[in-house]
């Protein structure tokens, strides 16, 4: 298991079990953010597939958005990634619908 996947699982557990102001939660957020920031797109996508297959709601929307955003920045011309990121954004309410539609349009553009 990669360090990023471990950090994502730890974040999910901390969110489920810790109080909002707890050191455990702050440490898990910091660790996940540090690991995802420096991960490759492949590492990020592997983590998302593994963690979300186990529990689709294991990661909060902000963590999923960050992970997909960083992967999309590394692979701006990957239509499968853009569609996956768009689909994930659409799962969490209308706040991100415009961004999701923009990602879908980019994915549909011919190379």
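Some notes on this structure:
- Pairs are defined by a Cβ separation below 8 Å, a sequence spacing of at least 6 or placement on different chains, a first member in region 90-110 that is touching a residue at least 12 places away in the same chain (Cβ under 8 Å), and a second member that is surrounded by fewer than 13 Cβ atoms within 10 Å (Cβ to Cβ); the pairs so defined are 106/76; 107/80.
- The condition of being more than 23 Å from residue 82 (Cβ to Cβ) and in contact (Cβ under 8 Å) with a residue 12 or more places away in the chain holds for only one of 55, 19, that being 55.
- The set of residues in region 9-21 being surrounded by fewer than 16 Cβ atoms within 10 Å (Cβ to Cβ) and in a helix (DSSP H, G or I) consists of 13, 16, 17.
Each reported figure results from applying straightforward, stated rules to the coordinates on display, with no laboratory input. What you see is a predicted model; the values in this text were computed from it and never measured. Glycine also receives a Cβ, built like all others from the backbone with ideal geometry; neighbour counts cover every protein chain displayed.
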